[in-house]
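A.B. asks: Pasting a structure here, questions to come.
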Amino acid sequence: MSAMGNATNVFWHECAVGKLERQKLINQQGCVVWITGLSGSGKSTLACSLNRELHARGKLSYVLDGDNVRHGLNKNLGFSPEDRTENIRRVGEVAKLFAEAGLICIASLISPYRKDRDACRAMLTDANFIEVFMNMPLKVCEERDSKGLYKLARAGKIKGFTGIDDPYEPPLNCEIKIEQKNGVCPTPCDMAVQVVSYLDVNGFLHA
Amino acid sequence: MTSAGNFSSIFTSSGSDFINPSPTKLGFLNFPLTFPQRINTEPLRIFAPIKAIEGSRMQSVDVEVKSNGCVVMNDSDESNGLIVSESFGSMNVVWHKCSVEKSDRQEMLQQKGCVIWITGLSGSGKSTVACALTRVLHARGKLTYVLDGDNVRHGLNADLTFKPEDRAENIRRIGEVAKLFADAGVICIVSAISPYRKDRDSCRSMLPDGDFIEVFMDIPLCVCEARDPKGLYKLARAGKIKGFTGIDDPYEAPLNSELVLHQDGEVCPPPEAMAEKVISYLESKGYLQA
């Protein structure tokens, strides 16, 4: 019948305390806010200001970003196309667990390929995947070059750098787009307010 | 790095001005603070973010304002706290806090994040105790989440088999996720056979001391096999499953777990009684309050 690794031997365990009960407890609805965009587009800045704004409103949120994921759960992954896909898949699965737990999980990753982001969207039911596109021009991101990576990429010292010699596929149907107004970038506060308003209007900030 | 000159322009304001550091420099929201009236001879120390750097933690800078008004910048690894000096009287200072820390979330939830790692043979009652534990904690207003080994194998770990190297990777990934939950302030209950001591110890080392609470379901194999809730022992004895823990793959019992749940003579206590033992432990160690 079954050799090692057969999924039919792995059962699903239900528990009396489910997502609805947890959501009632902390008065919010679990969801995933997926922030995507070029390096230097402001993803971490928004993740941080959003986290702060939600906390100030008494909401429980948690940021998953390159910092706490690539050095922990995903430390055995590199930057090959397959590993990039696996990196996004695992973050998506963890974000899903956090949303199940009732948290507002903020994932902040370049996540350049549309197929991978859409796969994460498909993991979540109930329209709880909120894609936020940091629509900042490459020129602006490169001028910031907060980690000096564009410079290295232009000098050919990093290969396959998104925006330089690896594609970024912008979302076609994201829930929120963050962009310049008359050539001026929004402040971190403005960006956070834009996302929080969306969450509020769509009922995520109460059970 | 923001220069001291920029900060000194903040502190020369007087009276009840709101001091509003440029959000594009510091990148965070403001909240007003009122200084205490009591005399405090300590210099004013404020922790400020420099800027959000993608993929890295916020950096903080220790800004020391001497009582003569001179502003001094020092590097600091600290990211929390705001000690204020009476020398500014009741002036309102608007400042940006660095980031939301684990302690902030714990304060909000009135609990401390941790990992309760329930290990034992198949059929020893891990999932049952995990559920009972979650019910009781929920009734006490605590936020918990169960990471069940089986459930995780349907999602995050769907690409893994039961070969030894995949078992190790299964446990490693569960450990890393549990660590994230604990950091979020959640009481994360892991329920997984996790048969190899090395793998469990590896997960223990991922967390701060005390935050990894190993619970050993010390139930004899014959009892587990008699239960056989999923019919797996029968299949294993018939040779239809290979490498089944307890039959033809080892279970390495913990040597120093925080809790051991076992039978009372021949009788197994009900799940709620076992859960209460874990809860008493959590209470005594302060995990059920901020």
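Just so it is clear, none of the values below were taken in a lab; they were calculated from the coordinates. For clarity, every value in this text was computed on a predicted model and none was experimentally measured. Every residue, glycine as well, gets a Cβ built from its backbone with ideal geometry; the counts of neighbours run over all protein chains shown.
A.B. asks: Considering amide H positions built from the backbone, and no H for Pro or chain starts, which residues 5 or more places from residue B:214, or on another chain, come under 5 Å of its amide H?
C.D. replies: Those qualifying (amide H under 5 Å, at least 5 residues apart or on another chain) are B:117, B:258, B:259.
A.B. asks: Over the whole of B:102-111, what's the average partner chain Cβ count within 10 Å per residue? Rounded to a whole number, please. Intermediate values should be presented prior to the final figure.
C.D. replies: Working: counts 1, 0, 3, 6, 0, 1, 5, 3, 0, 0.
Other-chain Cβ atoms within 10 Å of each residue's Cβ, averaged: 2.
A.B. asks: Averaging sequence separations of C-alpha pairs under 8 Å and six or more residues apart, then dividing by the length of chain A, give the relative contact order as a whole percent. Provide the component values of the computation, followed by the final result.
C.D. replies: On the way: 293 pairs, mean separation 67.6, N = 207.
This gives 33 percent for chain A.
A.B. asks: Can you pull out the GluC sites (Glu not before Pro) in segment A:1-109 whose DSSP state is coil and whose Cβ has at most 16 other Cβ atoms within 10 Å? Mind showing how you got there, number by number?
C.D. replies: On the way: sites: A:14, A:21, A:53, A:82, A:86, A:93, A:100; in loops: A:14.
Passing sites in segment A:1-109 are A:14.
A.B. asks: Then there's this: Which ³J(HN,Hα) values in Hz, rounded to whole numbers, follow from the phi angles of segment B:234-243 under the Karplus curve 6.51 cos²θ - 1.76 cosθ + 1.60, where θ = phi - 60° and Gly and Pro get x?
C.D. replies: After applying 6.51 cos²θ - 1.76 cosθ + 1.60, I find 4, 5, 5, 5, 7, x, 8, 10, 9, x Hz.
A.B. asks: Please arrange B:217, A:123 by how many other C-beta atoms lie within 10 Å of their C-beta, fewest to most. Could you put the intermediate results ahead of the total?
C.D. replies: Details: B:217 24, A:123 16.
So the ranking, lowest neighbour count to highest, is A:123, B:217.
A.B. asks: For segment A:19-201, with only Lys/Arg (+1) and Asp/Glu (-1) charged at the beta-carbon, what is the dipole magnitude about the Cα centre, in debye rounded to 20?
C.D. replies: Numbers: 26 positive and 23 negative charges, 58 e Å.
Rounded to the nearest 20 debye, it is 280 debye.
A.B. asks: Within 10 Å, at most 15 other Cβ atoms, and a DSSP state outside H, G, I, E, B define an exposed site. Report the longest part of chain A free of exposed trypsin sites (Lys or Arg not before Pro).
C.D. replies: Details: sites that count: A:57, A:75, A:147, A:157, A:159.
In short, A:76-146.
A.B. asks: Given a 10 angstrom Cα cut-off, can you work out which residue in A:193, A:32, A:184 is the most mobile in a GNM of chain A?
C.D. replies: Maximum among the listed residues: A:184.
A.B. asks: Now for a separate question. By its C-alpha gyration tensor, with a ≥ b ≥ c as the square roots of the eigenvalues, how is segment B:149-290 shaped: rounded for a/c under 1.5, else prolate for a/b larger than b/c, else oblate? Could the numbers behind the result be given before it?
C.D. replies: On the way: a/c = 2.04, a/b = 1.23, b/c = 1.66.
Taking the square roots of the gyration eigenvalues as a ≥ b ≥ c, segment B:149-290 is oblate.
A.B. asks: Of the candidates A:145, A:126, A:118, which one comes out as most mobile in a Gaussian network treatment of chain A with C-alpha springs shorter than 10 Å?
C.D. replies: A:126
A.B. asks: Here is a follow-up. Between residue B:284 and residue B:255, what FRET efficiency comes out of the Förster formula 1/(1 + (r/R0)^6) with R0 = 22 Å and r the beta carbon distance, rounded to 0.05? Write down the numbers at each step before the final one.
C.D. replies: Working: r = 22 Å, r/R0 = 0.99.
So, using R0 = 22 Å, E works out to roughly 0.50.
A.B. asks: Ok, one more. Quick one: net charge around residue B:109, please, counting Lys, Arg +1 and Asp, Glu -1 for every other residue with C-beta under 14 Å from its C-beta. Don't skip to the answer; put the middle values down first.
C.D. replies: Details: positive: A:22, A:59, B:102, B:105, B:112, B:140, B:142; negative: B:101, B:104, B:107, B:183.
Cβ neighbours under 14 Å give a net charge of +3.
A.B. asks: Also, quick follow-up: Measure off 7 Å from each Cα along the Cα-to-Cβ vector at residue A:24 and residue B:234, then give the distance between these two points in nanometres to one decimal.
C.D. replies: Those two pseudo-labels are separated by 3.8 nm.
A.B. asks: As I understand it, the dipole of segment A:54-205 uses +1 on the Cβ of Lys and Arg and -1 on the Cβ of Asp and Glu, about the Cα centre. Which of A:192, A:101, A:167 lies farthest toward its positive end?
C.D. replies: A:167
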